[in-house]
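The values are calculated or read from the model by the stated rules, or taken from the named source; none is laboratory data. Since this is a predicted model, take the numbers as computed values, not measurements. In this analysis, Cβ positions are derived from the backbone assuming ideal geometry, glycine residues included, and neighbour counts consider all displayed protein chains.
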Amino acid sequence: MKYIPFLTFLVLALGLTVPGSALAGSAIFLEVVEAGETQCGAPHSPASLQTSVGVDGGESYIVYLLAQADLKEPFKGLAGMQMAITYPEGNGIDEGIEITSWTLCGDLQFVQPGWPGAGYGNTITYRIKGAWNCRSADVVVGGFFEVQAHGHGFISIAPYGPTGLAMTANCHIEEDIVETPVDKGAQGWVAFNTAGSVPETGCNPLIADCSNAPTPVALKTWGAVKSLYAD
């Protein structure tokens, strides 16, 4: 058995070609808002994302999974993203964070069994009927989580366990895709603050360095994703 990287898997599964080089500067991050009407096409302002909320315990929130598209030539938008999430899983009463649902806003996803549990990952792509459906907004929505915050804590973007990397794929003008590793400082997080806790602001990597991320839980291993193995 051998591991198949993100875009190598897409090449084999979807019949794609990939140029040989990758560019830096990609970002994957989160925004937290009060529970209410949600939509995949909702706008998210890069400079004013909400990255923290105050909680009394048990309130519901929506956390959007977001990525930045590379729109500089020769690129024309986002083709996909791959990451894990980490957070302190709660007891359902007065500790930690509970994710109660996940809604995909991409076209396809390849989840690790256990997603959206803490430490598990997902690969999201934008592709319809054999053609890339490149997303060209400044901020692209991968999906959103419904969250109950029972206590102080964080939800953080983290490397995908099998690779040790978070990454995006950008659409090239020649209809190819280019893999882009996401630096640690470009992996954002959101904070849930309770009364009496030291206030935290979360981190938006579009305006700040997010290298000093909260300590993640252990990431799940590649052994849980048998469907992405190759002989």
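Here's the yes/no breakdown for (1) at positive phi; (2) surrounded by fewer than 23 Cβ atoms within 10 Å (Cβ to Cβ); (3) modelled with pLDDT of 90 or more:
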residue	(1), (2), (3)
Gly143	yes, yes, yes
Ala149	no, no, no
Tyr160	no, no, yes
Trp189	no, no, yes
Asn193	no, yes, no
Asp209	no, yes, yes
Pro216	no, yes, no
Leu228	no, yes, no
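Mind listing whichever residues of region 118-137 are in contact with a strand residue (DSSP E or B) (Cβ under 7 Å, 6 or more places away or on another chain) and either part of a loop (DSSP other than H, G, I, E, B) or hydrophobic (A, V, I, L, M, F, W, C) (or both)? Walk me through how you get there before you give the answer.
Taking region 118-137 as the starting set, the residues that turn out to be in contact with a strand residue (DSSP E or B) (Cβ under 7 Å, 6 or more places away or on another chain) are 118-127, 132-136.
Selection gives Ala118, Gly119, Tyr120, Ile124, Tyr126, Trp132, Asn133, Cys134, Ser136.
Only one residue in Thr86, Thr51, Thr103 is of a type in the set (Ser, Thr, Tyr), buried (at least 19 other Cβ atoms within 10 Å of the Cβ) and closer than 24 Å to Pro162 by Cα, so which one is that?
Thr86
So in region 32-48, with the set limited to residues that are touching a residue at least 40 places away in the same chain (Cβ under 8 Å) and farther than 19 Å from Ser136 by Cβ, which one is nearest to the chain's Cα centre (by Cα)?
Val32
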